[in-house]
Each structure stands twice: as C-alpha cells, then as structure tokens.
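Some notes on the structure that comes next.
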Amino acid sequence: MTWNRDAISSAPTGPVVVRGPRLVRATGYSLIELERAGLTAGDASRLGLPVDRTRLTLLGCNVLQLCALADRGQSVGGPP
C-alpha cells in the first residue's frame, strides 16, 4: 500500500468527525473521547482543548491525539 503524502499532510489536526466519506473538523472533543484518553472536561479546559458536550461520537484518532497531548508532558489533573 502506498500513502499519498498530500492527503496525510492535509489531514486536519484537532478533533474530527466523519461526514460521509470524509473527516472534517469538529467543534471539539466529545466527553467520551476525553474519558477514554483519561482526561476530564476540566483537564481539557486547562489545556485549552475544545470540548463539544453535545457530540456523542467517539473516534479513535481523536483519542490518540488526546493521549499524545497528555504524554507530551503537559500537566493534566495535577501540579506542573
């Protein structure tokens, strides 16, 4: 399988949702995505991450993004 570098580099960063066959930017991360990444809405707020409390979907790519942000050494839920 070959990868289209243009498609990869133009992939949206931040929360995304599925609209038909495409991924598009979402208003924010869903509460279930935050929970799966081990974060709370308060943690997301402290990190400056957008949260969409009305969205009920869960996408693995969003959870992975949240985990990467938490693993980068940003303080989450505790003192810096």
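Determine the gain in length on full extension of the stretch R46-A68; use 0.36 nm per residue of separation and subtract their C-alpha separation, reporting nm with one decimal.
6.3 nm
When all alpha-carbon pairs of the range 12-71 are counted, what percent fall beyond 17 Å?
Tail of the P(r) past 17 Å holds 27 percent of the pairs.
Around Y29, which amide H atoms from residues at least 5 apart in sequence, or from another chain, sit under 5 Å from its own amide H, with H modelled in the peptide plane?
Here the answer is V51, D52, since their amide H atoms fall under 5 Å of that of Y29.
Among 25-31, 53-59, 43-49, how do they line up by average Cβ neighbours within 10 Å per residue, starting with the highest?
25-31, 43-49, 53-59
No lab work stands behind these numbers, since they all come straight from the coordinates. Here the structure is a predicted model, which means the values were calculated and not measured. Heads up, the Cβs are rebuilt from the backbone with ideal geometry, glycines too, and the neighbour counts pull from every protein chain shown.
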